[in-house]
1. Among (1) more than 16 Å from Val121 (Cβ to Cβ); (2) in contact with a Phe, Trp or Tyr (Cβ under 7 Å, 6 or more places away or on another chain), where does Asp65 come up short?
2. Which condition number does Ser116 fail, the rest of (1) free of Cβ contacts under 8 Å to residues at least 24 places away in the same chain; (2) surrounded by 14 or more Cβ atoms within 10 Å (Cβ to Cβ) being met?
3. Report, by residue number, each residue of region 114-137 that is part of a loop (DSSP other than H, G, I, E, B) and not acidic (Asp, Glu).
4. Considering region 40-65 alone, what residues qualify as being open to solvent by less than 20 Å² (accessible area, probe 1.4 Å) and touching a strand residue (DSSP E or B) at 6+ places or on another chain (Cβ under 6 Å)?
5. Can you pull out the residues in region 66-78 that are under 16 Å from Gly101 (Cα atoms) and surrounded by fewer than 17 Cβ atoms within 10 Å (Cβ to Cβ)?
Amino acid sequence: MAGGSDLARLTTDLPAEAPAPLAVPAGRRPGRFAVTFKSSLRRAGRWRVPERLTTVVYKGEGLLDLRAAELTAPVTTISAVAYKSRIDILVPPGVRVEAGGLGVSTGGADPQAPLSRNAPVVHVRGYGYKGTVEVADRPGES
């Protein structure tokens, strides 16, 4: 077991202050595209959603779970293309959803729930060819 003088001798060349943590580059933005071909696509948990996100699923399944995600803008636009596929988009409570396009359905949201005027907006533009784009606030609610 080392004594106090041994410890002092071992630490003489260490800096007095800890170095500052590395900064995350300010210009770094989340990816704007999520594409899969005959496979599945899953974005869930903590992730950064860009202001505009384009998702294309060809003969597969897609899940965009925004419930724990960080929305980087007050209005987020998601373009979802489901070709012979299904794309599920789960939104957190307190978010205004505006959905439109071809092959898009919404469900599971409480239409009586009051929203703040400053509530974030998720605009979904869905396009389904022999497929669907489902928007809900809970899994399996669409």
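1. (2)
2. (2)
3. Step one: filter region 114-137 for residues part of a loop (DSSP other than H, G, I, E, B), giving 114-120, 130-131, 137.
Correct list: Pro114, Leu115, Ser116, Arg117, Asn118, Ala119, Pro120, Lys130, Gly131.
4. Keep residues of region 40-65 that are open to solvent by less than 20 Å² (accessible area, probe 1.4 Å), which gives 41, 49-50, 53, 55, 57, 60, 62, 64-65.
Answer for region 40-65, where residues must be open to solvent by less than 20 Å² (accessible area, probe 1.4 Å) and touching a strand residue (DSSP E or B) at 6+ places or on another chain (Cβ under 6 Å): Leu41, Val49, Leu53, Thr55, Val57, Gly60, Gly62, Leu64, Asp65.
5. Thr77
The values are calculated or read from the model by the stated rules, or taken from the named source; none is laboratory data. These numbers come from a predicted model, not from an experiment. With ideal geometry, Cβ positions are generated from the backbone for all residues, glycine too; neighbour counts draw on all protein chains shown. Accessible surface areas use protein heavy atoms only, side chains included; no ligands, DNA or RNA. Shrake-Rupley method; radii C 1.70, N 1.55, O 1.52, S 1.80 Å.
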